[in-house]
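Everything below concerns the one structure shown next.
The values are calculated or read from the model by the stated rules, or taken from the named source; none is laboratory data. All values reported here derive from a predicted model rather than from experimental measurement. Cβ atoms come from the backbone with ideal geometry, glycine included; neighbour counts cover every protein chain shown. Accessible surface areas use protein heavy atoms only, side chains included; no ligands, DNA or RNA. Shrake-Rupley method; radii C 1.70, N 1.55, O 1.52, S 1.80 Å.
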Amino acid sequence: MHLLITGGAGFVGSNLAIKFKTKYPQYKITCLDNLKRRGSELNLTRFREHDIHFIHADIRNPEDLTEVENFDCLIDASAEPSVLAGITSPVAQVVNNNLLGTVNCLELAKKHQATFIFLSTSRVYPIQTLEKLNYTETNTRFEWSDDQTIPGVSSQGVTEDFPLTGSRSFYGATKLASELLIQEYHTLAGLKTIVNRCGVITGPWQMGKVDQGVVVLWVARHFWKKSLKYIGYGGLGKQVRDMLHIQDLFDLVDMQVHNPDTWNGKMFNVGGGHPVSFSLQELTQLCQQVTGNKINIEKEPVNRPADLRIYLTDHSKITNFVSWQPKITSLEIISDIFDWLQNNEKTLKPILG
């Protein structure tokens with residue numbers, strides 16, 4: 001089998017590539033990336049060590065994709081991943097990356113009649129609708145109530161039936177628009193397609209920033225004893241997300257790659273769910289426990305555009321479909337990231353320190 005991974009030198013793409021090559025050494029794995037994100041260049045050495053083919057190319061440019069040899073499955077992990085993209089930066093950039101780039105990937109998959117697996121985002125769900133949901137407040141976090149007037153949500157999280165009407169950020173809009181085009185390629189071009197709406201994915205080799213990769217950012221700041229901020233919602237650090245370790249995502253994509261007919265045309269919410277969730281306060285406590293360090297955390301009470309009080313993934317649809325569910329706990333995730341930072345401190349300090 002030959003797998004092509006776009007965004008292949010990013011956090012998700014590189015980890016998936018190496019995990020596939022490790023499990024299936026006879027497979028050919030090709031990673032394609034423009035190396036724009038700082039730290040992605042570190043994965044080139046990892047690719048050479050694992051005999052993974054790399055193509056320096058940009059999915060925004062169709063001519064860059066002509067040298068790709070015939071492949072069986074395209075995993076599209078390429079994106080401008082920041083929810084602030086287009087809000088604090090030019091809109092054209094996120095549209096070109098996340099929509100036009102997806103079209104070029106779809107055309108490439110169509111040319112080779114390959115399965116197309118799309119890593120979408122929970123950010124397709126509209127912000128104001130999520131913010132209107134009933135919630136309670138504990139000492140350390142906000143929690144959704146089971147008593148809701150809007151369908152597709154409970155204390156356990158958002159299901160695929162949650163309404164899509166409303167604004168969701170330029171980032172979320174480009175990913176949802178890509179999903180709609182994927183449906184057309186599935187129906188009108190006969191392409192085998194699978195859509196995974198992912199929440200917070202994390203683990204080693206993620207180059208975390210304030211606007212994307214918050215879990216690694218939090219561990220790294222504790223590791224190097226640098227300060228942080230609780231931003232928005234009064235600066236209390238009670239906003240909540242679920243997280244998914246990259247290994248749990250790999251286990252799912254592994255099933256999808258090898259059983260495309262079973263998954264063809266389907267879309268699922270993919271995330272850690274309520275059991276693997278954290279508030280920023282609770283993430284701080286975990287980081288203190290694992291690193292042994294306490295750092296200064298300032299309060300910035302004013303919300304930013306596209307902030308969310310709570311987002312939790314209800315993955316019951318996919319769990320009922322194939323019995324997939326996350327296995328790696330919050331503490332194990334933080335410990336894994338900490339070990340990675342320790343083992344690669346000199347290399348990572350200029351980027352994360």
Once you put a point 7 Å from the Cα of D307 and another 7 Å from the Cα of N134, both along the Cβ direction, what distance in nm separates them? 2.5 nm
N296: net charge of surrounding residues, Cβ under 15 Å, Lys/Arg +1, Asp/Glu -1, itself excluded? +4
I need the calculated FRET efficiency for the pair H258 and E282, taking r as the beta carbon distance and R₀ as 30 Å, to the nearest 0.05. 0.25
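For T22 and K349, what is the calculated FRET efficiency with R₀ set at 25 Å and r taken between the beta-carbons, to the nearest 0.05?
Values: r = 27 Å, r/R0 = 1.07.
In this case the efficiency is close to 0.40.
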Within segment 1-102, what whole-number % of the accessible surface is contributed by carbon and sulfur, with the 1.4 Å probe and all protein chains included in the calculation? 52 percent
What does the charge count around D248 come to, taking other residues whose C-beta lies under 13 Å from its C-beta (Lys +1, Arg +1, Asp -1, Glu -1)? -3
Relative contact order for the chain: what is it in percent, counting Cα pairs under 8 Å that are at least 6 residues apart? 18 percent
1.4 Å probe accessible area per residue over segment 1-160, in Å²: 42 Å²
Solvent-accessible surface ranking, highest first, for W205, W218 at 1.4 angstrom: W205, W218
Please list, ordered by chain and number, the residues whose modelled amide H lies under 5 Å from the amide H of L312; skip anything fewer than 5 residues away on the same chain. V158
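State, as an integer percentage, the relative contact order of segment 240-288 based on alpha-carbon contacts under 8 Å between residues 6 or more apart.
It comes to 64 percent, rounded to a whole number.
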Mind checking which lysines have their Cα closer than 19 Å to the Cα of K327? Skip sequence neighbours fewer than 8 apart in that chain. K19, K23, K317
Can you tell me how much longer the chain between A177 and D72 gets when fully stretched, taken as 0.36 nm per residue apart minus their C-alpha distance, in nm with one decimal? 35.3 nm
Could you pull out every one of the lysines with an alpha carbon less than 19 Å from that of K294, ignoring same-chain neighbours closer than 8 positions? K225, K226, K229, K238, K349
In vacuo Debye scattering of segment 12-81, one point per C-alpha: log10 I(q)/I(0) at q = 0.15, 0.16, 0.19, 0.29 Å⁻¹? -0.48, -0.55, -0.78, -1.63
Between segment 178-243 and segment 145-172, what's the alpha-carbon centroid distance in Å? 17 Å
At 1.4 Å probe radius, can you tell me the per residue accessible area of segment 312-353 in Å²? 53 Å²
Ordered by residue, what ³J(HN,Hα) values in Hz, to whole numbers, does segment 344-353 give under the Karplus form 6.51 cos²θ - 1.76 cosθ + 1.60, where θ = phi - 60° and Gly and Pro are x? 10, 4, 5, 6, 8, 4, x, 9, 9, x
Taking a probe of 1.4 Å, how large is the accessible area per residue of segment 168-215, in Å²? 35 Å²
Per the 1.4 Å probe, what fraction of the accessible area of segment 196-278, in percent, lies on carbon and sulfur atoms? 50 percent
How large is ³J(HN,Hα), in whole Hz, for each residue of segment 4-17 in order, when computed from phi with the Karplus curve 6.51 cos²θ - 1.76 cosθ + 1.60 and θ = phi - 60°, using x for Gly and Pro? 10, 10, 8, x, x, 9, x, 4, 5, x, 5, 5, 4, 4
Segment 292-353, accessible surface, carbon-and-sulfur percent (1.4 angstrom probe): 46 percent
